[in-house]
1. Name the residues in the range 166-195 that are over 13 Å from residue 271 (Cβ atoms) and either modelled with pLDDT under 95 or outside any helix (DSSP H, G or I) (or both), would you?
2. Just to confirm my filter: which helices (runs of 4 or more DSSP H) fall fully inside the range 198-316 and include at least 2 residues that are touching a helix residue (DSSP H, G or I) at 6+ places or on another chain (Cβ under 9 Å) and closer than 30 Å to residue 117 by Cβ?
3. Taking the criterion of being more than 25 Å from the chain's Cα centre (by Cα), outside the structural domain of residue 174 (by TED's automatic domain parsing), in contact (Cβ under 8 Å) with a residue 60 or more places away in the chain and farther than 28 Å from residue 215 by Cβ, would at least one residue in the range 115-127 satisfy it?
4. If the requirement is being surrounded by 12 or more Cβ atoms within 10 Å (Cβ to Cβ) and assigned by TED's automatic domain parsing to the domain that holds residue 189, which of these qualifies: 281, 276, 302?
5. Go through the residues of the range 36-47 one by one and say whether even a single one is in contact with a strand residue (DSSP E or B) (Cβ under 6 Å, 6 or more places away or on another chain) and buried (at least 19 other Cβ atoms within 10 Å of the Cβ).
6. Name every residue in the range 259-284 that is modelled with pLDDT of 95 or more and over 17 Å from residue 235 (Cβ atoms), in order of residue number.
7. Residues in the range 93-115: is at least one assigned to a loop (DSSP other than H, G, I, E, B), within 19 Å of residue 31 (Cβ to Cβ) and in contact with a helix residue (DSSP H, G or I) (Cβ under 9 Å, 6 or more places away or on another chain)?
């Protein structure tokens, strides 16, 4: 499960705490978050324990977990308003200093993007004190989205019975959020339905900036060249073929991080319309991906300008992975984003 998933029910009291399952724990005393943050975003020195009801497990909601974090819902003591608390884990072979820099980087990126309608709110980087229900460490306080993630919603009968216009609206919301990120020079690098949350107003919000990165060679100069990435990150099939090549030691490849995000956006559009992906991995070892490349070549042979100037034609009902769009224009967007 993605660390971004925000759903689940309140945890019952008794037994071992779902928060107290870390293998590696930061040494005492914990570093102060402000020591790793720029001066202009320094915060108060309050802790998760002092701000939220975390010492009573019956008042917590387990929202999701992954290899690097546990996310739980907690009520703020002052207002009883719900927030998502992302408790970050110290990884195997990771030094405390590397952990602190990694956590601060995730917070800085998320906080810098906060405020956009389709980006999750990132509010504070806080220390966590050891208690019976939780290990000491650092956590990021995030906006709470009561309707969970897009992946789970797509599987519901409500979504399956909704019309194309609603599904296209979801896509536009994600695209707006991603465009804002790219305008800010940030690449998400793990775009997928599990990392898109739904708030109480059915507004979609991109979340989880754990592996996000600055896309330009100079993060302070958005006119500087885009960096070439030579390491594999992300989740197939939301990873383009040039990035998948990095898993093969015999191949030398690199890719632009924005291209990976755009590819993932196209795959998300297919999932929104079909409820599934056209293939599982952008690799020639995947038979469905080979079928996809054949279909793409067929379209480009019949419409040579499809990849360049032609915006009036798109794949139609003759293609399995186009007919459900019921619009050559919408299908064209999905196919152009997933250009092999």
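The values are calculated or read from the model by the stated rules, or taken from the named source; none is laboratory data. Everything quoted here is computed from the prediction, not taken from an experiment. We place every Cβ from the backbone using ideal geometry, glycine too, and count neighbours over all the protein chains shown.
1. Hits for the range 166-195 are 184, 185, 186, 187, 188, 189, 190.
2. Fully inside the range 198-316 and qualifying: 257-274.
3. Scanning the range 115-127, I find no residue that is more than 25 Å from the chain's Cα centre (by Cα), outside the structural domain of residue 174 (by TED's automatic domain parsing), in contact (Cβ under 8 Å) with a residue 60 or more places away in the chain and farther than 28 Å from residue 215 by Cβ, so the answer is no.
4. 281
5. No.
6. 273, 274, 275
7. Yes, the conditions are met somewhere in the range 93-115.
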